[in-house]
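Here is the structure we will look at.
The values are calculated or read from the model by the stated rules, or taken from the named source; none is laboratory data. All values derive from a computational prediction rather than experimental measurement. Backbone-built Cβ (ideal geometry, glycine too); neighbour counts: all protein chains shown. The area values use the complete protein model at the heavy-atom level, side chains included, leaving out ligands, DNA and RNA. Shrake-Rupley method; radii C 1.70, N 1.55, O 1.52, S 1.80 Å.
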Amino acid sequence: MAGSVTTATAGAGDEVFHELQEIARLTRYPDQEGEGRDRLIRFLDQYSGVSAELPIVDSLCARFGLYPYMSPVALPDEASALALEYHSPQSLAKLGFTFHAQQQRIYQRLMDGHSVVLSAPTSFGKSVIVDALVASQKWQNIVLLVPTIALLDEIRRRLSHLGTGYTIVTHPAQEWGQRNVFVMTQERFLELPESPPVGLFVIDEFYKLGSAEKEGTRRSLLNIAWSQLRATGAQYYLTGPNIDSLHEDVDSDLRENLVTTDFKTVVVELEDRSHIEEGVAQLEDLKTLLTAESEEQNLVFVGSPQKVANLTSEVVGVKRGDLVDQLAVWVAENYHPDWYVVHALRRGIGVHTGLLPRSLQRATVRLFQRGDIGLLICTSTLIEGVNTVAKNVIIFEKAIDRKPLDFFTFSNIRGRAGRMFQHFVGHVITYSKPPDDSATEVDIPIETQSSLAALSTLIQLHEDDLSEESRERLAAVLEQKVLSLDTIRKNKGLDPERLVETASEIVRMSADQRDLLAWTGVPSAAQARQVLELGFDSLLQSHQRRGMNFNMLWGRLQAARVSGGDIREMVERQLPYARPGQTPSDVVDDVLRFQRNWMGFTIPAMLRGVQSVQSEVLGEHGLARGNYEYFLREVEGLYLPNNLADLEEYGLPLPLAKKLVQYGLRGDDLPAILVSLQTVAASEGTRRALSEVELWFLDDVVGGLLQETQPQTSGSNP
């Protein structure tokens with residue numbers, strides 16, 4: 001029996017035997033397979049694993065395909081031993097890993113050379129199959145696309161743990177090895193200087209290809225990446241939860257490769273508290289619930305970062321150990337003492353939102369996984385593949401960004417409760433009525449050219465491949481003569497009509513205005529302003545400008561430049577301009593939002609677009625052209641020293657990275673600064689100068705880097 005089952009024996013003698021008899025009876029009826037498996041998992045939740053019935057339990061685990069839960073030392077017979085051996089992939093043998101029946105089926109199909117589109121519950125263990133595929137070393141190059149940058153570091157660390165010898169490439173500027181695993185978001189994959197020869201590619205959360213978002217730049221880029229990868233003819237493994245079918249116009253090969261399963265390794269109990277009146281009554285009930293469950297790990301889901309902030313002032317969590325308080329002090333010193341994250345930590349609460357710096361996201365998850373904090377309040381960022389251990393998931397919300405929770409999203413959140421070997425039975429408490437069960441169909445717009453296909457997606461297709469309807473939608477772009485299709489296609493993800501409008505605006509400019517576009521290196525204020533304003537007004541779509549005007553953008557960018565990327569200073573500079581009713585905590589969020597969304601993505605994309613357009617238009621008129629690469633790198637690097645901003649995604653907070661510069665941290669490129677970081681971290685002088693919290697951050701980052709050169713030799717199922 002699994003050694004990690006440590007709870008007290010459910011009942012002695014006859015009671016245990018009787019329950020096993022009932023579970024065994026269910027094996028006779030194929031239509032009751034799921035019920036039998038659920039009942040066995042509930043039994044395991046209470047079973048000590050040391051009774052005389054152990055051989056029977058092992059037999060039932062084998063019968064229901066739950067091989068990971070079998071005892072490795074007391075197998076009942078030779079057949080069970082062989083079954084266990086068959087479900088233990090050789091590539092993960094040194095980790096002592098065992099598949100359950102459905103994992104083995106999918107893994108074998110992939111190893112036999114077939115492609116798979118897998119829809120399976122969150123607790124299925126889809127990622128472990130990826131690990132086994134990588135560990136098999138069957139393919140020269142593997143591409144793994146994930147939805148968030150936060151996942152890059154988590155997966156890099158996980159794959160490094162396998163010690164396969166692959167070079168794990170997470171950044172376009174990284175040098176490739178002889179054999180590589182490219183772990184990237186779609187944006188980074190499309191930025192690669194050249195496409196690698198691909199043997200296998202994996203898309204995690206593949207349903208995002210056909211997400212019903214109205215304004216999906218990321219969806220467009222994912223479709224383009226998919227199309228590019230599909231064109232290589234490489235084998236593929238697409239994974240996602242709770243998908244019922246693919247759009248009828250999707251290629252039949254794809255639909256034939258869809259595998260749907262509801263195989264579960266944990267049981268989830270749902271408690272509906274939607275009958276409690278919304279507002280004060282629900283909040284009071286939540287407080288009571290969290291008090292009663294304070295010894296458990298509780299995850300509370302709400303719909304927006306602002307609601308996370310509001311709730312942290314209403315409830316109280318649990319702190320275990322001194323590290324949480326020390327982290328609160330450090331965050332107060334380096335971000336702002338009135339930031340709600342500081343107050344939350346002091347109340348024993350961790351938070352996880354899209355605005356939180358990635359290093360603090362990781363720190364929060366680590367504290368939660370270690371049990372240092374017992375309460376985590378989060379938005380949907382946590383359901384996008386970040387692995388957490390929570391026995392209780394509380395859905396204290398009925399909408400995300402004012403959009404009601406649909407069944408698909410509700411199911412994804414629900415799937416975060418329970419965890420193999422840790423919580424056989426998870427609990428979900430919902431304060432909104434569970435949505436009606438409805439089928440989820442996934443479209444791949446670049447394949448079907450449906451209404452979900454953005455113009456920026458369709459323009460990537462060859463004209464001969466466009467449907468009549470798509471051609472009509474693109475007519476204004478295809479028939480114009482202002483900007484070449486080559487330039488439009490090169491700017492992947494940008495709206496073609498806005499690119500044409502930008503080119504037209506340059507044509508209409510006066511000679512003096514055009515002169516302000518033709519610069520290289522460090523721009524004057526007038527030059528930078530001219531380029532940025534052109535991009536802001538002409539290139540961005542209305543939803544991309546939401547909540548921002550150009551003067552705000554310009555002012556905040558200047559504040560970031562003058563502050564040299566110092567977050568605390570940026571906050572202090574912005575406080576005098578706070579809107580009525582805005583708190584210092586709101587201002588911190590605003591600064592981080594500007595850094596993350598505008599400096600990290602929108603402004604660089606805008607600059608690349610304007611640079612490309614002006615280069616063609618001015619060149620055709622025989623005028624000097626601009627090159628904004630230096631300025632672009634300055635903005636993208638948050639006005640920090642070279643490559644320092646990249647360390648955030650490895651888990652190193654920017655304030656700490658800045659501090660380490662005075663101890664010698666530097667590097668002309670990403671590999672160089674990572675090597676420098678390890679050198680600095682090993683220096684006794686540096687370590688004496690850092691606080692306990694800072695060493696906690698630093699050692700975690702360096703430990704993750706060292707895993708790539710120091711493969712582990714033992715482990716267990718996650």
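General remarks:
- Number of the exception - HIS543 against (1) surrounded by 16 or more Cβ atoms within 10 Å (Cβ to Cβ); (2) in a helix (DSSP H, G or I); (3) at pLDDT below 95: (1)
- Scanning the stretch 239-274 for residues that are within 16 Å of GLU35 (Cβ to Cβ) and of a type in the set (Asp, Glu) yields ASP262, GLU269.
- Checking every residue in the stretch 515-529 against the condition of being aromatic (Phe, Trp, Tyr) and open to solvent by less than 70 Å² (accessible area, probe 1.4 Å) gives at least one match.
- Screening ASP338, ASP322 for residues that are farther than 30 Å from PHE43 by Cβ, out of contact with any His (no Cβ under 9 Å at 6 or more places or on another chain), among the charged types (D, E, K, R) and modelled with pLDDT under 95 leaves exactly one candidate, ASP322.
- Considering residues of the stretch 149-183 that are assigned to a strand (DSSP E or B) and more than 25 Å from VAL259 (Cβ to Cβ) only, the residue most open to solvent (accessible area, probe 1.4 Å): THR167
- Consider the stretch 337-352 and keep the residues that are in a loop (DSSP other than H, G, I, E, B) and open to solvent by 10 Å² or more (accessible area, probe 1.4 Å). The one that is farthest from GLN582 (Cα to Cα) is ARG347.
- Condition met for PHE408 (hydrophobic (A, V, I, L, M, F, W, C), in a helix (DSSP H, G or I) and open to solvent by less than 10 Å² (accessible area, probe 1.4 Å)): no
- With respect to the conditions (1) of a type in the set (S, T, N, Q); (2) more than 23 Å from the chain's Cα centre (by Cα); (3) closer than 19 Å to VAL198 by Cα, ASN141 lacks only one, and its number is (2).
- Residue pairs meeting the criteria (Cβ under 6 Å; at least 6 apart or on separate chains; first touching a residue at least 60 places away in the same chain (Cβ under 8 Å), in the stretch 131-159; second of a type in the set (Phe, Trp, Tyr) and open to solvent by less than 20 Å² (accessible area, probe 1.4 Å)): VAL143/PHE182; VAL143/PHE201; ASP153/TYR650
- Considering the stretch 421-437, the residues that are aliphatic (A, V, I, L, M) and buried (at least 18 other Cβ atoms within 10 Å of the Cβ) include one that is nearest to the chain's Cα centre (by Cα), namely VAL428.
Residue-by-condition table, conditions (1) within 30 Å of VAL341 (Cα to Cα); (2) open to solvent by less than 20 Å² (accessible area, probe 1.4 Å); (3) out of contact with any helix residue (DSSP H, G or I) (no Cβ under 6 Å at 6 or more places or on another chain):
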{"residue": "ARG579", "(1), (2), (3)": "yes, no, yes"}
{"residue": "ASP590", "(1), (2), (3)": "yes, yes, yes"}
{"residue": "GLN595", "(1), (2), (3)": "yes, yes, yes"}
{"residue": "THR602", "(1), (2), (3)": "yes, no, yes"}
{"residue": "VAL610", "(1), (2), (3)": "no, yes, no"}
{"residue": "VAL613", "(1), (2), (3)": "no, yes, no"}
{"residue": "VAL617", "(1), (2), (3)": "no, yes, no"}
{"residue": "ALA624", "(1), (2), (3)": "no, no, yes"}
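- Residue in the stretch 81-104 that is least open to solvent (accessible area, probe 1.4 Å), counting only those that are out of contact with any Gly (no Cβ under 9 Å at 6 or more places or on another chain) and not polar (S, T, N, Q): PRO89
- Helices (runs of 4 or more DSSP H) wholly inside the stretch 438-496 containing at least 2 residues that are open to solvent by 70 Å² or more (accessible area, probe 1.4 Å) and farther than 25 Å from LEU238 by Cβ: 468-473, 485-490
- Residues that are aliphatic (A, V, I, L, M) and out of contact with any Ser or Thr (no Cβ under 8 Å at 6 or more places or on another chain), drawn from the stretch 15-31: LEU20, ILE23, ALA24, LEU26
- Residue in the stretch 283-290 that is of a type in the set (A, V, I, L, M, F, W, C) and touching a Ser or Thr at 6+ places or on another chain (Cβ under 8 Å) present: no
- Screening LEU355, LEU376, LEU327 for residues that are outside any helix (DSSP H, G or I), of a type outside the set (Lys, Arg) and open to solvent by less than 10 Å² (accessible area, probe 1.4 Å) leaves exactly one candidate, LEU376.
- Checking the stated criteria, VAL130 turns out to be crowded, with 22+ Cβ neighbours inside 10 Å and within 22 Å of the chain's Cα centre (by Cα).
- Search result, residues across the stretch 200-235 that are open to solvent by 10 Å² or more (accessible area, probe 1.4 Å) and closer than 18 Å to ASP253 by Cβ: GLY210, SER227, GLN228, ARG230, ALA231, THR232, GLY233, ALA234, GLN235
- Beta carbons closer than 7 Å, at least 6 apart along the sequence or on distinct chains, pair a first residue in the stretch 221-241 that is over 30 Å from ASP262 (Cβ atoms) and among the small types (Gly, Ala, Ser) with a second that is open to solvent by 40 Å² or more (accessible area, probe 1.4 Å) and assigned to a loop (DSSP other than H, G, I, E, B) for SER227/GLN460.
- Considering the stretch 675-706, and only residues there that are modelled with pLDDT under 95 and touching a Ser or Thr at 6+ places or on another chain (Cβ under 9 Å), the residue that is least open to solvent (accessible area, probe 1.4 Å) turns out to be GLY704.
- Condition met for ALA390 (more than 19 Å from the chain's Cα centre (by Cα), open to solvent by less than 10 Å² (accessible area, probe 1.4 Å) and either at pLDDT 85 or above or under 30 Å from THR265 (Cα atoms) (or both)): no
- Taking the stretch 586-672 and the helices (runs of 4 or more DSSP H) fully enclosed by it, the elements with 2 or more residues that are closer than 22 Å to PHE550 by Cβ and within 27 Å of the chain's Cα centre (by Cα) are at 603-620, 629-636.
- Among the residues examined, ARG320 qualifies as free of Cβ contacts under 8 Å to residues at least 60 places away in the same chain, in contact with an Asp or Glu (Cβ under 7 Å, 6 or more places away or on another chain) and open to solvent by 20 Å² or more (accessible area, probe 1.4 Å).
- Pair list, Cβ under 6 Å, 6 or more apart: the stretch 621-634 residue closer than 19 Å to ALA173 by Cα, other residue buried (at least 16 other Cβ atoms within 10 Å of the Cβ) and of a type outside the set (D, E, K, R): TYR628/LEU607; TYR628/GLN611; PHE631/PRO523; LEU632/PRO604; LEU632/LEU607
- Residue match in the stretch 283-296 (condition: within 27 Å of the chain's Cα centre (by Cα) and either at pLDDT below 90 or open to solvent by 20 Å² or more (accessible area, probe 1.4 Å) (or both)): yes
- Restricting attention to the stretch 549-574, the residues that are crowded, with 17+ Cβ neighbours inside 10 Å and of a type outside the set (D, E, K, R) add up to 10.
- The set of residues from the stretch 17-38 being exposed (fewer than 12 other Cβ atoms within 10 Å of the Cβ) and under 17 Å from LYS264 (Cα atoms) comprises PRO30, ASP31.
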